[in-house]
Amino acid sequence: MDRRTLAGGLGGLALVVASVVALRSGDAPDTLEKEVADGVEVVALQDPVKPANPRAQALDADALQIAWNGSASAYEVRWNGNQQLVPTPEVELPGLDPEQETQVEIRAVSATGKRSEPLKIAAKPKDLYNGRWDDQLVGQPDKFGGPESLDPRKWRVEAEPDCLGLRPFGPGKRIDVDCSMAAFQSNTPIRFGVPASDGATGRAIISVAGAVESSHVRLTLLPDPWQYLPETETQPRGAVSLDITTQGTRIVADPELPRTGKQVTLGDAPMTGLVAGVRHRWEMRVLPDAVVALRDGVVVAYEPVAIAERVVHPRIRIDGGGFLDAFGVGGVAERVVPTEVIPLDRDVEVPQDVVAVKLVKPGRDNQVTITDVRLDAGRVAAQEEARLVVVRKPESRPGALPRLVDRPGGIKTGGPRLHVMHEDGAKPPQPLPATGRVLVTAEVNAIGHRGIELELDGKRIVALPTNEQGPGVPGRHEFWIDSLKLLSASHARLELSVLPADGGEPVIAETVFELG
């Protein structure tokens, strides 16, 4: 297995994170004995505090979502003989018996692996599941459980090759987005109708989970013909977006849309954003005088604007990874329009089996031009930033399904990090004083490790087990080092090794700093 290293800056320069690969031979021992060198002090950790205030809900009839209050860096969840470590105070348990009450225990876990007393909760999925959540949708919602769910007749996907996959979810699978950016353009438009009982003239619903802290999901309602253009960082003219991060949810609207002054009361929601590995269901509800965002049925954001268009086209964008579960729309029923969009970065022959062809090109002042192309036009010359929009005959052969590779379950975690600061407040790239003490902070983001080691200029100064009462979890470790131990050279190199429980290659973080 490769040894991954995160390296800091050299020669007293600003610390820069980089990734390199090295190898370490030999198998790791089964146990790690605590070792602390002279001149080094390990800052004591507080015992983990028992979590509190458990809450349960169900997005499916065979799944439970359990949330609780707590400030630990990770938790251990046990149910039905299973065990899972999670980095946030929330977990989803799929594949349950809808009729069976499930007993769940949650323990806070310290950075050294010590467990708290358990918080207990029992719930039956069927009692919590709202089977009418999709009553206001047109047709059945899309469930992203395989390549067929991204049929090119229904969806146009913009993503790097092989960055989409399938992860286990209960008895089935869901689409795993491991891309810097992926966009999913629906070929099913939303046509606004008369207001429903909740006042909405149309709606879009998305069920999605985050992957890491930086996950970002955006659901945008695009007016024609913006749905034919690639995804950009600019908000299209007339568009409204549901913008979701791990920090929360908001509605982002084109500033030129008319403001209405509508006031909407927000609900009581402890969290409003994405959670790593846990699905939540967001609804983008369009009213005549506002666009409202709901998370699991609770209003969490709104924007008092009026959408001028009567038909819009939904697009999902995911940055930094995520877990795509389901999508649906509501309003007046509209048929799917299988549309192919071909970039005109080269000359393109108009296909023989088409019923409509258009040329779309972005213009000045956030405008888009659209031109009809004759069906017998033959070859269309290349044009910068232009796209050829093709609608084929119903009997035409559909395009190929996307390639989705199977991936293991679990929650993605980041690499370890090292921070250095002198007790007087000095930090790299400033030289650190040669007297006093230096505080070293090691941030471990992995799950399932057995210990960490800290080396100074190639010599081990700390060995610390992290599996005191079970596998290690993400956590923060602090060490004071006497500056006298750092006087052997003008620069000091610290290396942090996170040791996997299976004896595999450690994950390494390094930093080099200058001494005064």
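The charge dipole of the chain, taken about its Cα centre with unit charges on the Cβ of Lys, Arg, Asp and Glu (plus for the first two, minus for the last two), comes to roughly 1000 debye. The ranking of 179, 163 from fewest to most other beta carbons within 10 Å of each one's beta carbon is 163, 179.
The DSSP beta bridges internal to the chain are antiparallel in roughly 95% of cases. Label points 7 Å out from Cα along the Cβ direction at residue 373 and residue 391: separation in nm? Going by the 7 Å Cα→Cβ label model, 1.5 nm. Per-residue Karplus couplings for segment 421-433, computed as 6.51 cos²θ - 1.76 cosθ + 1.60 with θ equal to phi - 60°, are listed in order as 8, 6, 5, 8, x, 5, 9, x, x, 5, x, 8, x Hz, Gly and Pro entered as x. So what is the relative contact order of segment 365-440, in percent, for Cα pairs below 8 Å that sit 6 or more residues apart? Averaging sequence separation for qualifying contacts and normalising by length gives 18 percent for segment 365-440. By the count of neighbouring beta-carbon atoms within 10 Å, fewest first, 144, 192 end up ordered 192, 144.
Distance from the Cα centroid of segment 143-207 to that of segment 361-431 is 15 Å (rounded to whole angstrom).
Take the alpha-carbon positions of segment 52-128, form their convex hull, and give its projected area averaged over all directions (one quarter of the hull surface) in nm². Its average projected convex-hull area is 4.6 nm².
In plain terms, if you count all Cα to Cα distances in segment 349-489 and split them into 10 Å steps from zero, the share in each step is 9, 21, 15, 9, 9, 15, 16, 6, 0 percent.
If R0 is taken as 22 Å, the Cβ-Cβ distance between residue 311 and residue 214 corresponds to a FRET efficiency of 0.05.
Here the chain is treated as a sphere whose radius is the Kirkwood value from Cα pairs; by Stokes-Einstein at 20 °C and 1.002 mPa s it diffuses with a coefficient of 82 µm²/s. Panel order for 390, 194, 42, 299, by other beta carbons found within 10 Å of each beta carbon, from fewest to most: 194, 42, 299, 390. Label point of residue 434 set 7 angstrom out along Cα-Cβ; within segment 463-493, amide nitrogens under 20 Å from it belong to 481-493. Restricting the calculation to Cα atoms, segment 250-401 yields a radius of gyration followed by a Dmax of 20.1, 59 Å. Note on residue 126 and residue 478: the model spin-label points, each 7 Å out from Cα along the C-beta direction, lie 5.2 nm apart.
Here, each number is a calculation from the coordinates, and none is a lab measurement. From a predicted model like this one, the values you see are computed outputs, not experimental measurements. All Cβ positions, glycine included, derive from the backbone under ideal geometry; neighbour counts span all protein chains shown.
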